[in-house]
Amino acid sequence: SFPLQVQDIEFTQIEMKVIEGLKIGNECLNKMHQVMSIEEVERIIGETQDAVEYQRQIDELLAGSLTEEDEDAILEELNAITQEQLELPEVPSEPLPEKIP
């Protein structure tokens, strides 16, 4: 009877560890769900699809499959983008710290 009790205690301890692990896992999942909503996932997927479509257009351009009108329109758009004023961060005026060897 004594070895059976030891086995029962050991098994109960294992069960408790499993339940504690499940509890911690559920808490982690709940926190992740609070941070990442369905809308956020849909937004990320949409952005990824947009990026894939943009890359496809670039690939077509590089493959020479676009018409001359398409190329002209893309070059105009590129020119407009490169003419825009970029907002760059301010450059610090104080000198950089000395490098420590």
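Every number in this text was worked out from the coordinates using simple rules, so none of it is lab data. Note that the structure is predicted; figures quoted are calculated from it, not measured. Using ideal geometry, Cβ is built from the backbone for each residue, glycine included, and neighbour counts are taken over all protein chains shown.
Could you tell me what % of all Cα pairs in the chain have separations over 15 Å?
Tail of P(r) above 15 Å: 83 percent of Cα pairs.
Where does the chain land at 222 nm, in deg cm²/dmol rounded to the nearest 500, when only DSSP H runs of n ≥ 4 count, each adding -39500 (n - 2.57), divided by all residues?
Theoretical 222 nm ellipticity from helices: -26500 deg cm²/dmol.
Tell me which lysines have Cα within less than 19 Å of LYS31's Cα, excluding those fewer than 8 residues away on the same chain?
LYS23
Using a simple charge model, +1 on the beta-carbon of Lys and Arg, -1 on the beta-carbon of Asp and Glu, nothing else, what dipole does the chain show about its Cα centre, in debye to the nearest 20?
Computed charge dipole of the chain: roughly 1200 debye.
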